[in-house]
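Below: one structure, written as structure tokens.
The values are calculated or read from the model by the stated rules, or taken from the named source; none is laboratory data. None of these values were measured; they are calculated from a predicted model. Note: ideal-geometry Cβ built from the backbone for every residue, glycine included; neighbour counts use all protein chains shown.
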Amino acid sequence: MLVRQHILLIVIITILGTIGYISADNFAVLVAGSNMVTIIIDISRINLTKGIIINHPNGKDVYHGVPHDYTGKTVTPQNFINVLLGNKDAMKGIGSGKVLQSGPDDNVFVYFTDHGATGLVAFPNGVLYAKDLNKTIAQMYANKKYKEMLIYIESCESGSMLNGLLRNSINIYATTASNPEESSYACYYDSKRQTYLGDLYSVNWMEDSDAEDVTTETLFKQFQITKQETTESHVMQYGNLTLGTLRNVGKFQGENMINKPQSFSSFTDRLNAALKRDAVPTEEVRTTILSRRLAALPANSPERDTVERKLAETIKQRKFIVSTIDLIAKKSFEVNGANYYELVTSKRMKLTQHDCYISATQHIHEKCFDIQNEYVLNKLWIVANLCQIGLHDFTINNAVDAVCNIYGRQNFEY
């Protein structure tokens with residue numbers, strides 16, 4: 001029986017910082033005939049080059065030709081889950097209404113890129129927790145929604161979405177941009193657009209798919225190449241590792257290659273490597289962009305004051321967020337008398353207390369600020385630690401109330 005390919009692209013940009021946009025060459029054109037659903041934040045209209053998005057310096061437009069099934073306010077964790085589960089009734093009247101219509105003879109490829117934190121990935125409207133993602137995957141397996149599945153996740157701490165959670169017995173091979181504890185990195189700064197065009201992990205696997213013959217290259221080989229080229233974080237693999245050695249990339253990303261794989265010259269390889277050396281942690285993207293803009297402006301430019309104020313305000317917001325999370329940790333121990341403050345704020349622990357973590361982070365979102373903010377996400381491991389040492393969620397939530405009721409809920413950019 002013919003195995004069909006189903007591709008779900010979750011390309012979510014919550015700040016005009018990194019554009020992990022999928023290559024139109026590989027997907028919008030080359031997998032014609034595949035079943036593809038895209039969930040993206042459409043930022044083309046607010047780009048400095050309106051209506052054009054590139055993913056490499058001096059690259060060609062990869063925006064046109066890519067379908068946009070769900071954009072803007074329809075990009076939510078629940079809609080993502082409904083699309084994965086093929087829940088057409090739930091998606092009726094939302095976006096294109098398109099969902100995965102896969103079955104037991106079909107391969108599925110899911111690619112997600114956005115911000116992340118311990119045990120979650122961010123959407124513009126809410127967050128998707130690791131527990132809910134893996135519950136959804138288990139439902140897909142039980143409902144025979146795929147034969148085999150490939151998952152790529154680009155986000156900070158992306159390994160925490162699968163580590164110890166993704167079973168190796170349900171025909172899924174997955175790789176992530178980073179291990180459960182570290183940031184992912186933005187790269188390819190474009191001075192014309194004043195932003196980063198890609199993220200190291202995503203850039204590396206996409207460029208590998210462009211360069212290799214995906215009809216013969218195995219998933220494990222792509223993992224190895226991506227891991228070798230992604231020098232700032234530890235690319236990880238999860239699930240059925242044997243599957244990675246047995247299946248080729250084209251079985252999931254599309255085999256009907258219109259163009260022959262492009263062989264990069266040694267000069268191009270050196271140029272790409274040099275351009276990637278400007279990589280920065282995702283949580284540093286906003287301040288780095290503002291600093292670069294400031295450095296490029298003449299001393300007498302009227303823009304300097306505006307950019308300086310913006311940079312100062314961003315740094316101020318970051319300090320406020322960091323101090324707020326710090327105070328929540330301190331207050332949590334005032335309630336029960338124990339004092340593990342130094343422990344929970346200095347050493348990351350593996351998250352296993354998911355229900356406590358979900359409750360506490362949602363309470364922070366309700367009372368303090370949006371947890372999708374990259375500076376908040378960067379400190380949520382402390383909240384996870386509070387749960388891991390045995391504090392109940394109501395204890396942490398009381399501390400959240402005590403800290404955040406003083407200032408009220410803050411609205412920060414992200």
### Query
When you look at ASN179, is it under 28 Å from LYS144 (Cα atoms), at pLDDT 95 or above and surrounded by fewer than 20 Cβ atoms within 10 Å (Cβ to Cβ), yes or no?
no
### Message
Among the numbered criteria (1) surrounded by fewer than 24 Cβ atoms within 10 Å (Cβ to Cβ); (2) under 20 Å from PRO77 (Cβ atoms); (3) among the hydrophobic types (A, V, I, L, M, F, W, C), which one does ILE170 miss?
### Response
(2)
## Note on the structure
Within region 65-85, the residues that are under 22 Å from the mean Cα position of the chain (by Cα) and not in a helix (DSSP H, G or I) are VAL66, PRO67, HIS68, ASP69, TYR70, THR71, VAL75, THR76
### helices (runs of 4 or more DSSP H) contained in region 298-388 and holding at least 1 residues at pLDDT 95 or above and closer than 14 Å to GLN410 by Cβ
303-336, 354-367, 374-377
### Message
For region 379-397, check the following and say yes or no: at least one residue is surrounded by fewer than 21 Cβ atoms within 10 Å (Cβ to Cβ) and in contact (Cβ under 8 Å) with a residue 60 or more places away in the chain.
### Response
yes
### Message
Given the options HIS392, HIS354, name the one that is out of contact with any Asp or Glu (no Cβ under 8 Å at 6 or more places or on another chain) and under 14 Å from VAL127 (Cβ atoms).
### Response
HIS354
### Query
Do we find that LEU162 is more than 13 Å from MET236 (Cα to Cα), assigned by TED's automatic domain parsing to the domain that holds GLY119 and among the aliphatic types (A, V, I, L, M) in this structure?
no
### Task
Give region 85-96 a look and list any residue that's in contact (Cβ under 8 Å) with a residue 24 or more places away in the chain and among the small types (Gly, Ala, Ser), or say none.
GLY86, GLY95, SER96
### Query
Is at least one residue of region 104-121 of a type in the set (Gly, Ala, Ser), outside any strand (DSSP E or B), in contact with a strand residue (DSSP E or B) (Cβ under 7 Å, 6 or more places away or on another chain) and under 29 Å from LEU351 (Cβ atoms)?
yes
